[in-house]
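Colleague: Once you've had a glance at the structure underneath, I'll fire off some questions.
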Amino acid sequence: MTTGAMPPTAPKRSRARNLIPLAVAAWLVLEIWLLTLVAGAAGGLTVLALLIGAGIVGGAVVKRAGRRAFRNLTETVQRQQSGQAPPPESGSTGNGFLMLGGLLIMLPGLISDVVGLALLVPPVRSYLGRRAERSLERRMRAADPGSLGDAFQQARIHRPDGKIVQGEVIRQDAGQQSGRYEDDGPRPPLTP
């Protein structure tokens, strides 16, 4: 029996989803090749010392960025609890890109170390932060109604302070004029 409806088709994979595995594989091969070149020129112990040093430096960068992010979070929470106005936004502090730089430094390889070190430079972080913010705003504006982007936009517009007001909705139907509930049983109390 046929219904006349077209069978559902699988969504088409984007070009990026097809190319990302190839790019990662090419990056890994290039990293290994560069490490073998450096090991041949400077020696295996030098490469080992370089990898261990990069792991230590990357760990220190991630730890510092994490502490800074936690400090900013606690200061913001303390300001909100005391009722103080938040300070004027001076842009992102770049903790995310700082952590990414530390993680890239920790990864074994020379290319990832160079990219990670570039992310430690403040002008590079601020430039990438502005680009990421513009890209996110552009995607949020282009989001379809009913999507996650739309919900985030609604929450940002209607509840900028993030306060939740607890309440109870009582619906009185036409046949129920007394204002009593359908089951007439005890109702649980509202929790503060």
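Colleague: With the checklist (1) modelled with pLDDT under 90; (2) open to solvent by 100 Å² or more (accessible area, probe 1.4 Å); (3) not aromatic (Phe, Trp, Tyr) in hand, flag the one item residue 64 doesn't pass.
Modeller: Only one criterion in (1) modelled with pLDDT under 90; (2) open to solvent by 100 Å² or more (accessible area, probe 1.4 Å); (3) not aromatic (Phe, Trp, Tyr) is unmet by residue 64, namely (1).
Colleague: Let me ask something else about it. Considering only segment 115-142, state which residues are open to solvent by 60 Å² or more (accessible area, probe 1.4 Å), assigned to a helix (DSSP H, G or I) and farther than 25 Å from residue 71 by Cβ.
Modeller: Passing the criteria: 115, 131, 134, 137, 138, 139, 141.
Colleague: Related question: Let me confirm something: among 112, 178, which residue is among the polar types (S, T, N, Q), within 25 Å of residue 53 (Cβ to Cβ) and either surrounded by fewer than 11 Cβ atoms within 10 Å (Cβ to Cβ) or modelled with pLDDT of 90 or more (or both)? Write out each step before concluding.
Modeller: Values: 178 fails: within 25 Å of residue 53 (Cβ to Cβ).
Answer to the selection: 112.
Colleague: Further question on the same structure: Six or more apart or on different chains, Cβ under 9 Å: which pairs go from a residue in segment 26-48 that's on the phi < 0 side of the Ramachandran plot to one that's part of a helix (DSSP H, G or I) and not aliphatic (A, V, I, L, M)? Could you list them?
Modeller: Short answer, once both residue conditions are applied: 27/112; 31/112; 38/46; 39/46; 47/36.
The values are calculated or read from the model by the stated rules, or taken from the named source; none is laboratory data. Model, not experiment: these values are computed from the prediction. With ideal geometry, Cβ positions are generated from the backbone for all residues, glycine too; neighbour counts draw on all protein chains shown. Surface areas here come from the heavy atoms of the whole protein model, side chains and all, with no ligands, DNA or RNA. Shrake-Rupley method; radii C 1.70, N 1.55, O 1.52, S 1.80 Å.
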